[in-house]
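S.K.: First the structure, which I've put down as structure tokens, then a few questions once you've had a look.
Since every read-out is calculated from the coordinates, none of them should be taken as a lab result. These numbers come from a predicted model, not from an experiment. Reconstructed Cβ throughout: ideal geometry from the backbone, glycine too, with neighbour counts over all protein chains shown.
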């Protein structure tokens, strides 16, 4: 990455009101540098629940839309973060983010009364890397611009 694009990225990050920003590159940790933590949200390719997609949010801010066989990468400020997914039920994952660290979060679907219930669970780099070739990068795609 050139110095000019690094400066532009840092200026764009500073202008955002949210505590989490989308990664500008597909490599975890590459976009925002050592002051931020990287979070990789991913869903395995599975038949059960394949038609169900959901939004990962922090507060009212939509960070990404996870569908079957997809992943997204965000940068988050250090500190405590609450990530939420919901349909007929809500699931909240709390992460304590440290600068320069990468966290992996696997999304899943459990059986609900009327619809699948999305959930988020801590995972690891090995699990993500083992399935990454089957996953589509959806970082920043389909997000509300409002």
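S.K.: Determine, for 109, 92, 73, the number of other Cβ atoms within 10 Å of each Cβ, and report the residues in order from fewest to most.
M.R.: Values: 109 23, 92 12, 73 26.
Arranged by neighbour count, lowest to highest, 109, 92, 73 become 92, 109, 73.
S.K.: Taking the Cβ of each residue in 131, 36 as the centre, tally the other Cβ atoms inside 10 Å and list the residues starting with the fewest.
M.R.: 131, 36
S.K.: Would you mind ranking 135, 82, 63 so that the residue whose beta carbon has the fewest other beta carbons within 10 Å leads the list?
M.R.: Ascending number of Cβ neighbours within 10 Å: 82, 135, 63.
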